[in-house]
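Worksheet: the structure to be examined is printed underneath.
The values are calculated or read from the model by the stated rules, or taken from the named source; none is laboratory data. Given the structure is predicted, the values throughout are model-derived calculations rather than measurements. Note that each Cβ is placed from the backbone with ideal geometry, even for glycine, and that neighbours are counted across all protein chains shown.
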Amino acid sequence: MVIRRPVQCALGLSDRRRRHGLDARIVCYLCNAADESCDHLLFECSFTQRVWDGILAPMRLDKPSTTGCGSVLEWRRCLRELWPASVRRGGDSLFTLVTWQVWKERNARCFQGETSTVNYVVSSIRSGAGEWVRAGARALGCIIRE
Ligand SMILES: [Zn+2]
């Protein structure tokens, strides 16, 4: 029997810091247009959505609307369901890479005051995907063309 517990976002975002009474910037570092939260940063943010567009368009893969998705995990589930079964395993790796790079971009803006463009972040994800493929991520290699 497998017991599944809901996975909670444990990133050190402003919503979490505020809950603990710490000083925190409220507005998203990526879009400057909405309150920052885990769900906003990882799937609702316009910057993140443009990154996904830049990644998925060349692969001719769709992404779901953010409307109606209550969490990043639900959005990820919708993303998987939209894709053909043949790309889902590679898509899981891709999801991790995109999420990681968005998180790094957020932290670069927060802690170093450095800002990259959507195109730069997309390029970094493609570069990272290439490294993962060379390291043996065959499923990712099926969907990413270097
Ligand atoms: Zn945002």
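When the residues of the stretch 104-146 are narrowed to those that are among the β-branched types (Val, Ile, Thr) and farther than 22 Å from ASP62 by Cβ, which ends up surrounded by the most Cβ atoms within 10 Å (Cβ to Cβ)?
Among those residues, the one meeting the criterion is VAL133.
Please go through the stretch 1-41 and pick out each residue that is in contact with a strand residue (DSSP E or B) (Cβ under 8 Å, 6 or more places away or on another chain), at pLDDT below 90 and not charged (D, E, K, R).
Hits for the stretch 1-41 are SER14, ILE26.
Scan the stretch 66-82 for residues that are in a helix (DSSP H, G or I) and over 15 Å from ARG106 (Cβ atoms) and jot them down.
Passing the criteria: LEU73, GLU74, TRP75, ARG76, ARG77, CYS78, LEU79, ARG80, GLU81, LEU82.
Which of the residues belonging to the stretch 57-102 are at pLDDT below 90, closer than 26 Å to TYR29 by Cβ and surrounded by fewer than 16 Cβ atoms within 10 Å (Cβ to Cβ)?
Hits for the stretch 57-102 are SER65, THR67, GLY68, GLY70.
Return yes or no: is ARG88 more than 14 Å from the ligand (Cβ to nearest atom), charged (D, E, K, R) and under 23 Å from GLU131 (Cβ atoms)?
Taking the combined requirement at face value, the residue satisfies it.
Just give me the residues in the stretch 28-65 being more than 7 Å from the ligand (Cβ to nearest atom), in contact (Cβ under 8 Å) with a residue 12 or more places away in the chain, in a loop (DSSP other than H, G, I, E, B) and within 23 Å of ALA129 (Cβ to Cβ), in sequence order.
Answer for the stretch 28-65, where residues must be more than 7 Å from the ligand (Cβ to nearest atom), in contact (Cβ under 8 Å) with a residue 12 or more places away in the chain, in a loop (DSSP other than H, G, I, E, B) and within 23 Å of ALA129 (Cβ to Cβ): LEU61, ASP62, LYS63, PRO64.
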